[in-house]
């Protein structure tokens, strides 16, 4: 165990393991930043929009009920009348009910010191598919979601026709 050959062998084993772990870490970062974070940003944007729509609808229904009960109009929240409400500003950086996950803008590279240089796209493993990331049921749930969205559109069209 004390011979220089064994030390060199141990050094090469540790070096190889370090390089492979770094490549795996880089692959994780690539998958997270190119696939998962993009989907998360899209979902958060949709949830924020729907949350604002829902809040506006609640205000409208409350005003309608007040008008029905007391025969007068009240102004509950004038900010909801504007079309370009900044939900982020309303949240003031806090996690809102409309956000699924709070996103940190932290720099991962500043937290990692002494790592080998990044690998090229060719050297990294291929990007996983949505089925690999989210499981075998991804397509099934995506189809169900599309069917529900289509059903909602049809019901809304029918509702608008009846109105």
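Any read-out appearing in this document is the output of simple, stated calculations on the displayed coordinates, not a laboratory observation. Every value quoted in this text rests on a predicted model; they were computed, and no experiment measured them. No Cβ is skipped: glycine too gets one built from the backbone with ideal geometry, and neighbour counts run over all protein chains shown.
Some observations on this one:
- FRET efficiency for the pair residue 52 and residue 74, taken as 1/(1 + (r/R0)^6) with r the Cβ-Cβ distance and R0 = 30 Å, rounds to 0.90.
- Label-point separation, residue 118 to residue 158 (7 Å along Cα→Cβ), nm: 5.2
- A Förster distance of 30 Å, applied to the separation of the beta-carbon atoms of residue 139 and residue 18, puts the FRET efficiency at 0.20.
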